[in-house]
Structures are given as structure tokens and as C-alpha cells.
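Structure first, then comments.
The values are calculated or read from the model by the stated rules, or taken from the named source; none is laboratory data. Here the structure is a predicted model, which is why all the values come from computation and not from measurement. A quick note on method: Cβ atoms are made from the backbone with ideal geometry, for glycine too, and the neighbour counts reach across all protein chains shown. To get the accessible areas, we keep the full protein, side chains included, count just its heavy atoms, and leave off ligands, DNA and RNA. Shrake-Rupley method; radii C 1.70, N 1.55, O 1.52, S 1.80 Å.
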Amino acid sequence: MSLELVDSHCHVTNFEDPHSVIQEATSAGVKFIIGVGEDPDDNSLLLRIAERYSDVVKPCLGYHPWNAAEANDDMIRSFEKQVVEHVDVIYGIGEVGLDKRFVRGEDKFKRQLKAFEVALRLAKEYDLPLNIHTVKTERIVLELLVKEDIDKAVFHWYSGSYEVLEEIINLGYRVSVNLALGYSKRCRGVARRVPLALVLLESDSPYEFRGEQATPMSIIRVAEYLAKIRGVSTDLIARITSNNASILFGI
């Protein structure tokens with residue numbers, strides 16, 4: 001069986017040897033890797049990698065909420081300038097979002113929010129999809145998306161309430177799943193509830209899932225997990241999720 005898969009969320013800049021990781025993934029059937037950036041410096045590195053591997057790596061420029069919590073106004077303006085300057089070569093904005101679990105403090109949250117509001121405005125202005133981090137902030141993020149009339153977004157590794165998930169589904173936003181399907185009851189519950197037409201696969205690599213470091217190639221196993229959960233073939237999961245990603249990111 002030959003699969004063509006799309007990794008919708010990969011921190012490709014965090015690998016010591018991105019070349020080997022990309023080559024290994026493409027040889028195994030990963031057609032596209034959506035690279036996500038974490039701050040202006042990381043975005044610059046991502047753009048260089050994406051230029052070299054333009055047939056495979058499709059970059060999204062972002063400001064990860066953990067990093068945005070420490071950002072000053074000049075750094076946020078630098079992020080905004082990057083997006084505007086590279087809008088013709090990027091495929092989305094991310095990783096962006098809000099986090100109240102791993103980042104504590106009202107002032108830090110205000111910095112995250114300021115960066116995320118810039119991302120929302122840019123996504124709307126340039127019709128770009130958002131690749132979103134939401135940890136203990138799912139309701140806040142959803143309300144902001146609705147307020148700003150955002151219609152293209154993926155909730156990366158959603159693990160929030162099923163109540164908010166139902167609203168996400170009703171609004172047509174996407175949800176991505178990863179290797180946590182192998183051990184997390186909550187993530188399997190999310191995977192059972194989201195219509196396949198709204199599901200994307202992600203590696204979130206090089207994140208370590210219970211001691212296993214993910215790579216883009218890990219989405220092959222994610223597809224297998226999802227197929228088992230949904231009672232369908234891995235080939236069907238590959239075709240549907242790849243089509244979903246291609247539509248969302250315009251690849």
C-alpha cells in the first residue's frame with residue numbers, strides 16, 4: 001500500500017539534521033510537511049529550509065504562545081513585518097494561540113494575546129489559515145475566531161472539552177491529531193467525535209510522546225491509529241486527511 005500523507009504541524013527547525021528527516025519522510029510517503037514557526041528568528045530559519053525543500057516543506061510563520069509571553073512590542077512588530085514581507089511564499093500563520101497551563105501570569109497572558117490578535121488580523125487580511133495552539137484557552141480562542149470572522153483554522157492537538165469541540169465542529173474548523181492517539185483517552189475521544197472531513201494528521205515533531213521522539217514519518221502511525229478508532233482503512237484516512245490539508249493550506 002502506497003500512502004500520500006500530509007504532516008499538518010511540524011517544528012522542522014528543531015531537528016539537528018532537517019535534511020535527513022525530510023528525506024526519510026518523503027521516502028516513506030509523506031508528500032507535504034507544514035512547517036510551523038515559533039518566533040521571528042525561528043521563522044527566518046524555517047523560511048530558509050522551506051526555500052531549499054520547496055516541493056515538500058510549506059511554511060507557516062508564527063509566534064508560539066510560550067515565546068510570545070516574553071515578547072515586547074518590537075518583537076511582535078517584527079513578526080507582523082515578516083508575515084507581510086513573505087505573504088506570497090507562506091501557507092498559513094502558526095504556531096500561534098494562547099496557553100494558560102504552561103504559562104502563568106496575567107502580564108504574560110496579555111503578551112500572548114497581543115501577538116495572537118496580530119495573527120488574527122493578518123490571517124483575515126491575507127486570507128491565510130491559522131495553525132492554533134490552545135491549552136486551557138479553547139473557549140477564549142474560539143470566541144476570538146468568531147469575533148474576527150476567521151473561517152480557516154486548525155486546532156492543533158485539541159484536548160479540551162467536548163462541549164467546545166462540538167462548537168468547533170459546527171463552525172467548520174479543523175482539528176489535528178497525533179501520536180497521543182496511542183495512549184490518551186481524551187485524544188481518542190476527540191478523534192471519534194470530529195467528522196473525518198475536518199481531521200488533519202500532525203506529527204508535532206520533534207515532540208517526545210511518552211519517550212518517543214516524533215518525526216514527520218510518525219503520521220503514518222497516526223493514520224493507522226485513526227483508522228482503527230474510526231473503523232475504516234488506513235488508505236481512506238490518508239486520502240481524506242491529505243485532501244483536507246491540501247484544501248486548508250492551498251497546496
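Below, the figures for the structure above:
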item: Complete set of residues in the range 118-128 that are open to solvent by 10 Å² or more (accessible area, probe 1.4 Å) and farther than 17 Å from Trp66 by Cβ; result: Arg121, Lys124, Glu125, Tyr126, Asp127, Leu128
item: Output for the range 203-214, where each listed residue is more than 26 Å from Asp151 (Cβ to Cβ) and either crowded, with 22+ Cβ neighbours inside 10 Å or without any contact (Cβ under 8 Å) to a residue 40 or more places away in the chain (or both); result: Ser205, Glu208, Phe209, Arg210, Gly211, Glu212, Gln213, Ala214
item: Close pairs from the range 97-116: first without any contact (Cβ under 8 Å) to a residue 40 or more places away in the chain, partner of a type in the set (S, T, N, Q) and crowded, with 19+ Cβ neighbours inside 10 Å, Cβ under 8 Å, at least 6 apart; result: Asp99/Gln112; Asp99/Thr134; Asp99/Thr137; Lys100/Thr137; Val103/Gln112
item: Elements of type strands (runs of 3 or more DSSP E) in the range 1-108, at least 1 residues being farther than 21 Å from Ile150 by Cβ and open to solvent by 30 Å² or more (accessible area, probe 1.4 Å); result: 30-36
item: Neighbours by Cβ (under 7 Å, 6+ apart or cross-chain): first from the range 217-237, free of Cβ contacts under 8 Å to residues at least 24 places away in the same chain; second hydrophobic (A, V, I, L, M, F, W, C); result: Ala227/Ile237; Ser233/Ala227
item: Any hit, the range 112-126, residues being closer than 18 Å to Leu61 by Cβ, in contact with a helix residue (DSSP H, G or I) (Cβ under 8 Å, 6 or more places away or on another chain) and assigned to a loop (DSSP other than H, G, I, E, B); result: no
item: Search result, residues across the range 216-240 that are crowded, with 23+ Cβ neighbours inside 10 Å and more than 13 Å from Leu181 (Cβ to Cβ); result: Pro216, Ala238
item: Pairs, first farther than 15 Å from Pro195 by Cα and among the charged types (D, E, K, R) in the range 146-166, second modelled with pLDDT of 95 or more and open to solvent by less than 60 Å² (accessible area, probe 1.4 Å), C-beta under 6 Å, six or more apart; result: Glu148/Leu120; Lys152/Pro129
item: Test for Phe116: is it at pLDDT below 95 and over 21 Å from Leu200 (Cα atoms); result: no
item: Subset of the range 203-232 that is part of a loop (DSSP other than H, G, I, E, B) and in contact with a Pro (Cβ under 8 Å, 6 or more places away or on another chain) - its residue that is farthest from Glu16 (Cα to Cα); result: Ser203
item: Some residue of the range 85-102 being in contact with a Ser or Thr (Cβ under 9 Å, 6 or more places away or on another chain) and either modelled with pLDDT under 95 or among the small types (Gly, Ala, Ser) (or both); result: yes
